[in-house]
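Student: Please read through the structure below; I'll follow up with questions.
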Amino acid sequence: MRVPLETLDIPTESMIRFTPRVLEQSFGCIVLPRQISLLHGPERAPLSIMAHCVAVSAARSVPDAKCVFLDSGTNYSPSLARSICPSTDDASEVLQRIIVGQVMGLSDIEQMMSMLSSFDNISVIILDSLTGALNLTGAPGTKGRQRELFHTLETIRKAVNKFNAHALITDYSSKNWISGEPTPIGGNVLSHAVDSVVRIDRLRTNESLIRILTERCTASKNPPSIIVRADSKGIRSMR
């Protein structure tokens with residue numbers, strides 16, 4: 001049965017609100033319901049800070065919903081999440097809405113997706129990071145690991161469709177040996193499974209200024225790249 005494109009209910013506005021405003025205007029249009037976004041870069045810290053920012057923003061924006069943070073290492077930091085909250089008065093309540101789960105491989109992620117079926121309302125599912133889960137699953141480039149990655153991404157897609165939620169995945173980059181451009185670890189299987197791809201990198205080594213560049217998204221036009229400060233206090237405008 002064919003369905004006209006104009007009749008499809010495609011979300012165009014996020015339920016999550018971000019601060020500072022420059023982050024809302026650029027990155028806000030990426031975190032849409034029933035979509036999967038991929039954040040990649042050469043360093044863990046900026047990616048993890050962004051993951052915490054999304055978790056806290058989701059917990060604040062949708063009070064009746066839970067945010068799931070799947071940690072494949074020692075990435076989740078309650079102190080970082082608390083510092084991102086604009087007010088210490090509501091920090092405890094916000095952190096209670098963030099469910100943290102430890103995953104040691106792709107099979108653990110699939111089990112977590114099955115466990116989430118018992119929840120009523122989830123706004124965001126965060127995986128920080130996919131690289132850690134891949135490293136604990138199998139040797140790079142093997143067909144078995146790629147097949148399991150494909151199946152894992154399918155279970156994440158089913159979860160975001162079920163909950164009308166957004167899934168955000170962080171991933172390391174490796175330079176393409178032909179073009180020299182940084183590409184997310186996971187290859188074509190990962191690239192074809194996500195709706196948006198965002199690159200995050202530092203402007204200069206050992207400085208807090210990071211660039212957020214949308215490489216691909218579902219919007220008719222990619223949002224402009226922005227530069228913000230990202231450190232232990234969260235994400236702030238340059239001003």
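The values are calculated or read from the model by the stated rules, or taken from the named source; none is laboratory data. All values derive from a computational prediction rather than experimental measurement. Cβ: placed from backbone, ideal geometry, glycine included. Neighbour counts: every protein chain shown. Surface areas here come from the heavy atoms of the whole protein model, side chains and all, with no ligands, DNA or RNA. Shrake-Rupley method; radii C 1.70, N 1.55, O 1.52, S 1.80 Å.
Student: Tell me which residues, restricted to segment 99-125, are β-branched (Val, Ile, Thr) and touching a His at 6+ places or on another chain (Cβ under 9 Å).
Tutor: Hits for segment 99-125 are Val124, Ile125.
Student: Which one of Asp120, Asp71, Asp64, Asp90 is out of contact with any strand residue (DSSP E or B) (no Cβ under 6 Å at 6 or more places or on another chain), acidic (Asp, Glu) and in contact (Cβ under 8 Å) with a residue 40 or more places away in the chain?
Tutor: Asp64
Student: Might you check whether a residue that is part of a helix (DSSP H, G or I) and within 21 Å of Ser77 (Cβ to Cβ) occurs anywhere in segment 150-162?
Tutor: no
Student: Residues of segment 115-174 being in contact with a Lys or Arg (Cβ under 8 Å, 6 or more places away or on another chain), more than 29 Å from Val94 (Cα to Cα) and open to solvent by less than 10 Å² (accessible area, probe 1.4 Å), which ones?
Tutor: Leu134
Student: Among the numbered criteria (1) touching a Lys or Arg at 6+ places or on another chain (Cβ under 8 Å); (2) open to solvent by less than 40 Å² (accessible area, probe 1.4 Å), which one does Gly186 miss?
Tutor: (1)
Student: Kindly establish whether Ser83 is in contact with a strand residue (DSSP E or B) (Cβ under 8 Å, 6 or more places away or on another chain), assigned to a strand (DSSP E or B), at pLDDT below 95 and not aromatic (Phe, Trp, Tyr).
Tutor: no
Student: Taking Glu24, is it acidic (Asp, Glu), over 26 Å from Ser92 (Cβ atoms) and open to solvent by 10 Å² or more (accessible area, probe 1.4 Å)?
Tutor: No.
Student: Of all the residues that make up segment 108-135, how many are under 23 Å from Ser37 (Cβ atoms) and outside any strand (DSSP E or B)?
Tutor: 19
Student: So, Pro33, is that one open to solvent by less than 70 Å² (accessible area, probe 1.4 Å), in contact with a strand residue (DSSP E or B) (Cβ under 8 Å, 6 or more places away or on another chain), in contact (Cβ under 8 Å) with a residue 60 or more places away in the chain and not in a helix (DSSP H, G or I) or not?
Tutor: Here the answer is yes, as Pro33 does meet what is asked.
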